[in-house]
Amino acid sequence: MGAVCCRPQPIDFDGEVNLFHFVLLRCVGKGAFGKVRVVQHKQTRDLYALKYINKAKCVKMKAVPNVIQERRLLEEVDHPFIVNLRYAFQDDENCFFVLDLMLGGDLRFHLERLGSMPEETVRFYLAQLSSALAFLHEMGIMHRDLKPDNILLDEQGNAHLTDFNIAIHFSERRLTGVAGSMAYMAPEILTKRGYTCHIDWWSLGVCAYELIFGRRPFRGRSNSDLTYSITKDSLKWPEDADKKCSRSGMQVIKGLLERDVPKRFGCKPNGEGFQELRRHPWFKPIDWDTLETKEQTPPFIPDRNKANFDASHELEELLLEDNPLKAKARKANQDNLSAEMRQMEEQFTSYDFKKMQRRSYYPHNQHLISTATATSSGLASSRPGTPANDLRVDSGIVVNGNSMDLPGGEEIMREKDTSRNDNLEKEYP
């Protein structure tokens, strides 16, 4: 008598989202606590980026509040030029973020291969990113780690801001904790005079300079040298600057790299800084009315026939992974969890953009609880979404990863900052 065939358990798509809802595809990124891979929703067939974070490693590195804060911030935001959260859930080993999938690679990847980028391409990216920053600042959020590594392109070539691992809500009280990637830090962070969201505009200026000229405006062989350069050195242009950038373009970069914060582009209160930037002659070719609807054709379109990410991640997954990711049923007994594990269990809550409205966990943003990305529940998004359907599985893919160490005195600087929302203390090794 033949053996009875074991049939897989049916998937409850009406229930709470979990890893069984997705087909696991190629691995495309690696971070401090986990990896990033492409997944496909089994019911809708839509492709997404799955960022998963190992809980044990997270506890060991004292980053539990970080992960919870990133989870909460991502539920709050929804913008055409941000890598938006679509689902969140956890199992016994990992916390999962399911995000918009970006097929075009990050700007670091393209910069390393091209050496520099044309002025018109960088202008287009700056317009999109300034729109994203203005939205975040309106929500009371500063990103704190804007750099080419954290700017992803979609298949059409539109720029998106990602990695909210050290993003934070801000208020009138200035922060003093040092956080971010040092080469892109504003001088007020390094001098510990206190800072707010204006630091993001400085970082945008550093990115613009680097993308156009292929080098950063302030450099140093050590942390102390780099700190001195950022806080003291005058802004200098390469000898061939006029061949790569117009005078009005250099005016915008200089305005963003203004050490006097009230004079820095983007920093006037009540959104006037962003409007001033929009009105600058350099942005005259940008049609701001259609920018956020992505109706404009980007000046650079990534090659969909080539991999726009480091292929070694997938090779490492195949050859070296001791515990490859797979869907597992949760254990029933959760009574013996440590305090940190219990915190993740209770505060890394599930999210499903098809069924739930976006909300803010922070009291000062309750008036902003309005956006929803679902249509199945009869709710409509207040902003254009970033659809992940109609994407090819065999395309070159790159997605959101964690912040990475950089060479040459540019490592990620972390903070221990007790001016936290929701009584979550942020602590870094």
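Taking H as built 1.01 Å from N, whose amide H comes closer than 5 Å to the amide H of Lys30, not counting residues under 5 places away?
Hits under the 5 Å cutoff: Val36.
For segment 250-259, in order, what is each residue's ³J(HN,Hα) by Karplus, 6.51 cos²θ - 1.76 cosθ + 1.60 with θ = phi - 60°, in whole Hz (x at glycine and Pro)?
Each residue of segment 250-259 in turn: 5, 5, 5, 4, 4, x, 6, 9, 8, 6 Hz.
Report, in cubic angstrom per residue, the convex hull volume of the C-alpha atoms of segment 139-190.
93 Å³
By average Cβ neighbour count within 10 Å, what is the ranking of 63-74, 115-126, 273-284 from highest down?
Most protected by this proxy first, the peptides run 63-74, 115-126, 273-284.
In square nanometres, what is the average projected area of the Cα convex hull of segment 107-219?
For segment 107-219, the mean projected area of the Cα convex hull comes to 6.9 nm².
If you take every residue apart from Lys263 with its C-beta less than 12 Å away from the C-beta of Lys263, what net charge results, scoring Lys and Arg +1 and Asp and Glu -1?
On the way: positive: Lys254, Arg259, Arg264, Lys268; negative: Glu258, Asp260, Glu276.
The answer is +1.
At a Förster distance of 30 Å, what's the computed FRET efficiency of Ala332 paired with Lys62, Cβ-Cβ distance as r, to 0.05?
For Ala332 and Lys62, the calculated efficiency is 0.55.
How much length would be gained if the chain were fully extended between Glu346 and Asp233, taking 0.36 nm per residue of separation minus their Cα-Cα distance, in nm to one decimal? The partial results should precede the final answer.
Working: separation 113, 0.36 × 113 = 40.68 nm, distance 4.78 nm.
Separation in residues times 0.36 nm, less the Cα-Cα distance, equals 35.9 nm.
Of the listed peptides 225-232, 176-183, what is their order by residue-averaged count of other C-beta atoms within 10 Å, with the highest listed first? Could the numbers behind the result be given before it?
On the way: 225-232: 17.2, 176-183: 20.9.
Ranking, from highest mean packing down: 176-183, 225-232.
Which order do the peptides 255-266, 292-303 take when ranked by the mean count of other beta-carbon atoms within 10 Å per residue, highest first?
Order by mean packing, descending: 255-266, 292-303.
Which ³J(HN,Hα) values, rounded to whole Hz and listed in residue order, are derived for segment 166-182 from phi using the Karplus coefficients 6.51, -1.76 and 1.60 in 6.51 cos²θ - 1.76 cosθ + 1.60 with θ = phi - 60°, glycine and proline given as x?
10, 5, 7, 6, 10, 9, 5, 6, 6, 8, 10, x, 8, 8, x, 9, 4
With each pseudo-label sitting 7 Å past Cα toward Cβ, what's the Asp242-Arg221 distance in nm, one decimal?
3.3 nm
Read-outs throughout are calculated quantities, based only on the coordinates presented, and are distinct from any laboratory measurement. Here the structure is a predicted model, which means the values were calculated and not measured. For neighbour counting, all protein chains shown are included, and Cβ atoms are generated from backbone atoms with ideal geometry for every residue, glycine included.
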